[in-house]
Amino acid sequence: MRLVFAGTPEVAVPALDTLIASERHEVAAVVTRPDARAGRGRRLVPSPVAQRAEEEGIEVLKPARPRDEDFLARLREIGPDCCPVVAYGALLPRVALDVPPKGWVNLHFSLLPAWRGAAPVQHTLLAGDEMSGATTFLIEEGLDSGPVYGVVTEKVRPRDTSGDLLTRLAFAGAGLLAATMDGIEDGTLQAVPQPEEGISLAPKITVEDARIDWTAPALRVDRVVRACSPAPGAWTVFRGERLKVRSLVPAPDAELGGVAPGELRVGKNAVHVGTGSHAVELEWVQPQGKKPMRAADWARGTRIEEGARFEAPAP
């Protein structure tokens, strides 16, 4: 088939590479979000998908909105049979969905109908799910509600961060998306409606969502830290400044007791903090404006007094 691939972040690149390498299909163009400012100089930088497409000499379309008439006219000129999508980042209007005769097929990083929305992997970890996966489905105007072509499963590992799990799903999902394109092309694959039971939503995780509540049990604190890594980054407040918590050890220390939620206990080589259940050990933290460092090094440089606590959110 003649394809127009839509995607934006690094996680979409494995699927693009797999389709480019396919002998059965042609990636005629790529649709991605407009260049965004990044880095200290705030220069305009093309998306990872745009950069990869340009390396391959593939035409790149960067509409401000997918309903822009100039974009729609060019899409019709290219004449794709199907448009595979991975983390494009914009809602597709009906006028765009109607262009390819075989529709737009999305690769979504959950086992639909679980975790429909922008942050399925983060919500998978927040919920403590033991199994995750990826799903290909035909895009409708509803939120990730279209009929399903195929799924691939992936076990959630005990210390997975969102970054870890998403990386594995990106590569497993790339193969699934390519197989879905093959099945659509040769007519051996039919989309099946999603079940009406088991629907859950995965809205975007905000910076405020990523603030650690130290009165929560250690298990919940650990899930927040792992779900928010690498972005937006779990955080807390110490002496009026934000401190990102990159990783921690949730298992209790048998010798440590009576540590109040948010209270810090600094040892020679370890920093513990109380939660609603038991104290946990901080591993890596990142002070405001600095690079990540081991918690013990941060504590030595900060000179933490006995009884010091992370600040609690305002009620």
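The values are calculated or read from the model by the stated rules, or taken from the named source; none is laboratory data. All values reported here derive from a predicted model rather than from experimental measurement. When we count neighbours, we look across all protein chains shown, and the Cβ atoms used for this are built from the backbone with ideal geometry, even at glycine. Protein only, heavy atoms only, side chains kept; ligands, DNA and RNA dropped before computing areas. Shrake-Rupley method; radii C 1.70, N 1.55, O 1.52, S 1.80 Å.
Length gained on full extension, N269 to A28: 81.1 nm, using 0.36 nm per residue less the C-alpha separation. Structure note, pairs K62/K155; K62/K290; K155/K204; K155/K268; K62/K204: Cα-Cα distances above 26 angstrom occur for K62/K155; K62/K290; K155/K268.
The simple spin-label model puts a point 7 Å past each Cα toward its Cβ; for A179 and V95 those points are separated by 3.8 nm. Using a 1.4 Å probe on the protein heavy atoms, what percent of the accessible area of the chain belongs to carbon and sulfur? Carbon with sulfur: 51 percent of the solvent-accessible area. Accessible surface for the chain, divided over its residues, is 50 Å² per residue with a 1.4 Å probe.
Once P(r) over Cα pairs in 20 Å bins from 0, in percent is calculated for the structure shown, the corresponding label among (1) 27, 40, 28, 6, 0; (2) 31, 58, 11; (3) 30, 48, 21, 1 turns out to be (3). Between the stretch 184-199 and the stretch 97-117, the C-alpha centres lie 10 angstrom from each other. Counted by Cβ distance under 11 Å from A279, the other residues give a net charge of -3, where Lys and Arg count +1 and Asp and Glu count -1. Dividing the convex hull volume of the alpha-carbon atoms in the stretch 189-301 by its residue count gives 162 Å³ per residue. Distance between the pseudo-spin-label points of V45 and T188 (7 Å out from Cα toward the beta carbon): 4.1 nm. Can you give the FRET efficiency to the nearest 0.05 for R159 and A38, using r as the Cβ-Cβ distance and R₀ = 30 Å? Step by step, r from the Cβ atoms, then E = 0.55.
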